[in-house]
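Student: Here's a structure for you.
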Amino acid sequence: MAAKLDPASVAHRRAKAEKDRRVTIRPAPDTMTYLTGHLPVGQGVEVYAALKRAADTLIASGDERSRAQIMADTLVERVTGKADAPAVPVMINLVVSDQTLLGTSHDPAHLDGHGTIPPRRPGPPSGRDQPGSRSQDGIADLVAQGVRLTPRRPHGDGLEGPDRPPGTRHPHPHQR
């Protein structure tokens, strides 16, 4: 009905929506991530269809992975240019003193692109935060502090992360 009454407004909204296309990443449980492509409908359907066709071809040839697993692996392989999804390297430029690493010091670390990382979250020490504990400065603690661990790319590729304040989350796509 709105399109009949004001077609120019509909065309304007579509053009604005297409300008807002993006790829975002956010953490998921169990050391996983949600990678979201906000695309025009035609492009989104074509990407999904291409991944599904690739999966169907591999399943027909005897691949024992699930369709979802093959689609995810194919996405990684095609975007990164790697022939095998697990071969994608990850590098975090985190500098930690040897004393902190061995648990004899509480000196802060330095994370490229973020700055100084405190050795512990504030609050009373828990059993795992005792000096000498190897889990003292784990990745989970960094994420809990709001540190965004994003891959560094030489020319930037839109994987910088969501444009929202730390601590705010969108629901899983299936829970919307």
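Student: Which one of A3, A55 is exposed (fewer than 13 other Cβ atoms within 10 Å of the Cβ) and either farther than 30 Å from G115 by Cβ or touching a His at 6+ places or on another chain (Cβ under 7 Å) (or both)? Quick ask: steps written out before the conclusion?
Tutor: Details: A55 fails: exposed (fewer than 13 other Cβ atoms within 10 Å of the Cβ).
So the residue among A3, A55 that is exposed (fewer than 13 other Cβ atoms within 10 Å of the Cβ) and either farther than 30 Å from G115 by Cβ or touching a His at 6+ places or on another chain (Cβ under 7 Å) (or both) is A3.
Student: Still on this model: Considering only helices (runs of 4 or more DSSP H) fully contained in region 1-68, which possess at least 1 residues that are within 19 Å of A85 (Cα to Cα)? Quick ask: steps written out before the conclusion?
Tutor: On the way: elements: 2-5, 7-19, 41-60.
Result: 41-60.
Student: Related question: Counting only residues that are charged (D, E, K, R), exposed (fewer than 14 other Cβ atoms within 10 Å of the Cβ) and part of a helix (DSSP H, G or I), how many does region 71-111 have?
Tutor: Count: 1.
Student: All but one of (1) under 22 Å from the mean Cα position of the chain (by Cα); (2) surrounded by fewer than 10 Cβ atoms within 10 Å (Cβ to Cβ) hold for G42; which doesn't?
Tutor: Exception for G42: condition (1).
Student: While we're here: Can we say V79 is at pLDDT 85 or above and over 30 Å from Y48 (Cα atoms)? I'd like the intermediate steps shown before the answer.
Tutor: Details: at pLDDT 85 or above: yes; over 30 Å from Y48 (Cα atoms): no.
Considered against the rule, which asks whether it is at pLDDT 85 or above and over 30 Å from Y48 (Cα atoms), V79 comes out as no.
Student: Criterion first (touching a strand residue (DSSP E or B) at 6+ places or on another chain (Cβ under 9 Å), surrounded by 14 or more Cβ atoms within 10 Å (Cβ to Cβ) and charged (D, E, K, R)) does R67 satisfy it? Explain how you work it out, then say what you get.
Tutor: Values: touching a strand residue (DSSP E or B) at 6+ places or on another chain (Cβ under 9 Å): no; surrounded by 14 or more Cβ atoms within 10 Å (Cβ to Cβ): yes; charged (D, E, K, R): yes.
The answer is no for R67.
The values are calculated or read from the model by the stated rules, or taken from the named source; none is laboratory data. Not measured: the values here are computed from a predicted model. Cβ coordinates were reconstructed from backbone atoms using ideal geometry, including for glycine residues, and neighbour counts include every protein chain displayed.
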